[in-house]
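What follows is one structure encoded as structure tokens, with my remarks underneath.
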Amino acid sequence: MKQGINCSLVIPVFNEAENLDELVERCLAVCKPSGRSFEIILVDDGSTDGSTEKIAMAGREYPELVSVLLNRNYGQHAAVFAGLAQSRGDIVITLDADLQNPPEEIPKLLQAMGNNVDVVGTIRTNRHDTLFRKLSSSLVNSMVRRATGVMMHDYGCMLRAYRRPIVEAMLQCREHSTFIPILANSFARTTTEIPVKHEPRRQGDSKYSLFKLISLQFDLLTSMSTFPLRLLSLLGTVIAASGMTFAAFLLIMRLVMGAAWAAQGVFTLFALLFIFIGAQFIGLGLLGEYIGRIYHDVRARPRYFIQEIISSASEQ
């Protein structure tokens, strides 16, 4: 395996044909003057808008670029893993292809890595996202901090830097439902965060629909912690205690006020019954999430399948 690469830039791409030319241009403009040896790995995640052809062409044109073409769409984190597996840098930086996190922020991450830090996270300042995205991101970040105990504030930002030992540790993990920032933090000894700019999307549309965002939240909650199950147990205990307290209250009021009063509480009992049934369904849903992940991991199928790797440097 070739050595001597100081920095690898891993960029998952899905239907970003309108941004690719500018993305490559700006990444090269940032990396070349840095004085570091570098490589840029573009991972095509089964694009259907012409991105695949552009990525392949860039891999043949620029010696610093490696183009990794997946045979279909596997999702952002699987595509990042494909790029991590091909990377050779002592420092690996991940970046979205939509240019909302400017490549010009990369030197800030490299500077932060100089303090013997294993993982550098980023906090998007003045976010140019919808109110729904901002609120859901804030809620998820809060839940992740409570579940993992790692006090990072913006787990949703893909612009992050990792040292090679952390990358190698992540590549040894075979689970399918995983969230890279949390997985990296579980191996890191020292982590830090820095603020970075966030720009509005100028070309194309966001690839995260409401369904994908909800799916991502389930991955976040269930991939790295059993906290939801513990929360469910606590919730069940509270509901059971409330039910027993209310039952005792009904018994006392029946004895004091008579049977006629008790009969008027029938609908309240039905309401409580619905609460209990709802809690049971929530519990079954969470258990189903964990069992489904166990099922996928036991089958041990690969996260992705690489159709082709294109690099002009390797062809010379």
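Quick notes on this one:
- Residue count for segment 40-64 under the criterion of being at pLDDT below 95, outside any helix (DSSP H, G or I) and crowded, with 16+ Cβ neighbours inside 10 Å: the result is 5.
- Flag for A79 being surrounded by fewer than 19 Cβ atoms within 10 Å (Cβ to Cβ) and either in contact (Cβ under 8 Å) with a residue 60 or more places away in the chain or closer than 24 Å to Y162 by Cβ (or both): no
- Any hit, segment 244-251, residues being at pLDDT 70 or above, assigned by TED's automatic domain parsing to the domain that holds A56 and not polar (S, T, N, Q): no
- Enumerated helices (runs of 4 or more DSSP H) restricted to segment 114-213, each holding at least 1 residues that are crowded, with 19+ Cβ neighbours inside 10 Å and modelled with pLDDT of 90 or more: 164-171
- Segment 291-311: number of residues that are at pLDDT 75 or above and either surrounded by 13 or more Cβ atoms within 10 Å (Cβ to Cβ) or within 30 Å of L42 (Cβ to Cβ) (or both): 8
- Those residues of segment 13-59 which are within 26 Å of G114 (Cβ to Cβ) and under 23 Å from the mean Cα position of the chain (by Cα), in sequence order: L23, C27, I40, I41
- Checking each residue in segment 15-37 for being under 16 Å from M57 (Cα atoms) and outside any helix (DSSP H, G or I) picks out N15, E16.
- Selection status of G89, under 18 Å from S311 (Cα atoms) and in contact (Cβ under 8 Å) with a residue 24 or more places away in the chain: yes
The values are calculated or read from the model by the stated rules, or taken from the named source; none is laboratory data. Since the model is a prediction, treat every value here as computed from it, not as a measurement. No Cβ is skipped: glycine too gets one built from the backbone with ideal geometry, and neighbour counts run over all protein chains shown.
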